[in-house]
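The structure appears right after this line, and notes come after that.
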Amino acid sequence: MKPPWRYHIFENGVSKLNSIWWDLRLRLQGIIPPLPRTETHFDAASKRHIPADIPYTPYYVALLLEFQIYKSMCEAAGHDGPLYKCDIYRSREAGRLL
């Protein structure tokens, strides 16, 4: 497996920044650029986290916690079934838990 984009820069310098960025986007997300891109472009800067050097780990952990909190609130509301069908609207028990 290739190292993540940011680590590639630390190890190999800034050559092929944009092509590596789009290779990762295609491999991990199935996204291709809307127009042909070259190394004169810096598309990674469109993600605020890249130029600001903000780690992505807290966002990943927050997403996991979000689902754990939602599941707990659904259980408190007495929901039985898939989470996507859970409705906690006007549930006092879910509100107390929150």
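General observations
- Those residues of segment 1-41 which are part of a helix (DSSP H, G or I) and within 16 Å of the chain's Cα centre (by Cα), in sequence order: TRP5, ARG6, TRP21, LEU24, ARG25, LEU26, ARG27, LEU28, GLN29
- Test for ALA76: is it open to solvent by less than 70 Å² (accessible area, probe 1.4 Å), touching a Ser or Thr at 6+ places or on another chain (Cβ under 9 Å) and either of a type in the set (S, T, N, Q) or at pLDDT 85 or above (or both): yes
- Subset of segment 42-55 [basic (Lys, Arg) and open to solvent by less than 100 Å² (accessible area, probe 1.4 Å)]: LYS47
- Put simply, of PRO58, PRO4, PRO36 the only residue that is without any contact (Cβ under 8 Å) to a residue 12 or more places away in the chain and open to solvent by less than 100 Å² (accessible area, probe 1.4 Å) is PRO58.
- Answer residue from segment 79-98, given it is touching a residue at least 12 places away in the same chain (Cβ under 8 Å) and among the charged types (D, E, K, R) and is most open to solvent (accessible area, probe 1.4 Å) among those: ARG96
- Counting only residues that are outside any loop (DSSP other than H, G, I, E, B) and not acidic (Asp, Glu), segment 42-93 holds 29 of them.
The values are calculated or read from the model by the stated rules, or taken from the named source; none is laboratory data. As the structure is a computational prediction, the values presented were derived from the model and not from experiment. Neighbour counts run over all protein chains shown; Cβ positions are idealised from the backbone, glycine included. Keep in mind that these areas ignore ligands, DNA and RNA; they rest on the heavy atoms of the full protein, side chains included. Shrake-Rupley method; radii C 1.70, N 1.55, O 1.52, S 1.80 Å.
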